[in-house]
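Since the structure comes first, as structure tokens, the remarks are kept for the end.
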Amino acid sequence: MIDGDDHQNEERDNGSRTVTVTQLYGQMLTTMTSSGSQSDAQSPIYLLPPEILGNIFGLAVIACKDAYVCKWPPRNIGYRSYATFFNFSFVSQHWRSVALSTPYIWGTLLFISRKLVSVMLERSKMANLSIHSQLSYRLPAVPLIMEVMNDHISRITEIALDIRTSEFLTLMEDLKQRPPSLRPCELRLRLTVGHNQTFPSAILVTDRLKVLEAENLTFAWEPSQSFPCLTHLTLGTTSLKIPIPDIITSLRGMPALEFLHIRNSLASEEYASPIQPVQLARLQILEIISEKYDSSSIPIFLTLITLPAATDILIYCNNFMWHRPRLSAFALSLHTLFRNMHMQPLQSFWACRSVNNGLQLMSSAPDVETHHLFIKFDLILEVGHSPEETMRMIFPALLRDEILSWRLGFGLCSKILFELSDTLPRLCNVVLEGDSMPNFIAVMMIGKNSSFPFPNLRCLTLYRAKFSSRFHTGLEAHELRKCLAERSKFGIKLEKLKISCCYRIYDKDIQRLREVVDVEWDGIVAKR
């Protein structure tokens, strides 16, 4: 058996080839998904000892399950998401023998048919069981689920139910009366039809539970409860809104928490006595979503939590900040959150319109191992103000002095651009999309006493930007050339101009631009 991170270091020497288990895992997935071809008996995956191969099967099952855990919006729990372990026994005789002798890969019960449940129970032997059902199948699954719970209650460690029909209200009532012998480590209950159902708190085992997810269920939180092992917590659209003092007190009893998702679940009532902020020392992901609800509780909540510097943050707010004081309070709460995190400066930002013409601000950071960019901070505000006005009020909350790269997806007026220039002293890389180009270039041209806005700008990228022509308004290429030439006279020279998929710019324009700047052009002339 290989556990922890050791599987990445385990190797097997096959003649002159040295193959890591991680590579074998990928090869195994390729073998499983290949259509109709006979497997190569000399392939390294077939030379592994049975116990190693069985462990790789287990890793595949875990990876398949993890892809559907703690994602938002919730994904259906269906048999296709766990089809991996059905394929193990159909690749070859050797694989079938290993799969049938590895009980724990059969422990996830999918209630598609009684025969399938019986087969998986038989093959799982005494391994831990996970109960999964989205209740959209024709099989009347409730009696079968209750039967499995009655017969194998001590083996059940995970319950994930997507409750769709009134029949499952019976199951909910049964869960509320379950004896203490039901001790799940992971509990996910989602009510997709019906309302006013109470979460079965009787089956919460505080010293054992690792994953807790409650969606559309009335969840009466008990602040006195402590969950020392809880790593994932999701509360979505609870009928009984949770007072902020209660949730803060409860979070103190979750020292291992790594993932926190709160959706439409915080009460907006004012609280009288001061609250000491809670430190979530291990939190990796924070997601707070408010849709068509009063979200005035979000700024309060943000000021009462302290996060590690590496935490990824997603905040979505819709229709609650029509009044400027509320938007200002939200900006202040963001500033407090960042300050308390002692986070590394977010050096790259992308500002664009959201789906409903709100503002979306995203910041990315490079992965230290792969060097690929990943989202560290994602803020979506659809709050009744224009994206320009929202950005003007929110941007001061960010650590602007450290921003090096900025991608702008919509046009800003000259006044806002001048204000941003004064607060972005280190900005050296700008990407302009669509209609964001004309005003930005116009501001770059305005000099005073040998000083120009964005003085440290060294790389400018124009992506799908629109140049003017005889029949279309916009920025003319010769105006861009004039701007760059004028800045060069005063030692503010642009080092690189990148042009990609831009409208109405041609080879002759590029040749003229290259007289004053190094131009990287993809040669594509986009037309509309």
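How high is the FRET efficiency from Ile112 to Ser92, r the C-beta distance, R0 30 Å, rounded to 0.05? Each step should come with its number before you reach the end.
Values: r = 25 Å, r/R0 = 0.84.
It comes out at approximately 0.75.
How much length is gained on full extension from Leu404 to Arg252, taking 0.36 nm per residue of separation minus their Cα-Cα distance?
Details: separation 152, 0.36 × 152 = 54.72 nm, distance 3.65 nm.
Here the segment from Leu404 to Arg252 would lengthen by 51.1 nm.
Rank the residues Glu520, Glu382, Glu486 as a footprinting-exposure proxy: fewest other Cβ atoms within 10 Å of their Cβ go first. Could the numbers behind the result be given before it?
Working: Glu520 13, Glu382 22, Glu486 16.
The most exposed by this proxy come first: Glu520, Glu486, Glu382.
Could you sort 181-192, 447-458 so that the peptide with the highest average Cβ count within 10 Å comes first and the rest follow in order? Walk me through the numbers on the way to the answer.
Values: 181-192: 19.2, 447-458: 14.1.
Going by the mean number of other Cβ atoms within 10 Å, highest first, we get 181-192, 447-458.
Given the C-alpha centroids of the stretch 281-310 and the stretch 204-277, what is the distance between them in whole angstrom?
So the separation of the two Cα centres works out to 12 Å.
Just to be sure I understand the model, the point goes 7 Å from the Cα along the line to the Cβ. What's the resulting Gln177 to Asn449 distance in nm?
A separation of 8.3 nm, rounded to one decimal place.
Contour minus end-to-end for Asp422 and Thr198, with contour as 0.36 nm per residue of separation and end-to-end as the Cα-Cα distance? Walk me through the numbers on the way to the answer.
Details: separation 224, 0.36 × 224 = 80.64 nm, distance 5.36 nm.
Using 0.36 nm per residue and subtracting the Cα-Cα distance, I get 75.3 nm.
Could you rank the peptides 243-251, 223-231 by their average count of other C-beta atoms within 10 Å per residue, with the highest value first? Don't jump to the answer; show the numbers that get you there.
Values: 243-251: 19.2, 223-231: 16.6.
My ranking of the peptides, most packed first, is 243-251, 223-231.
Bear in mind these aren't lab numbers, they're just calculated from the coordinates by the rules spelled out. Remember, it's a predicted structure, so these values are computed and weren't measured experimentally. Glycine gets a Cβ as well: all are built from the backbone with ideal geometry, and neighbour counts include every protein chain shown.
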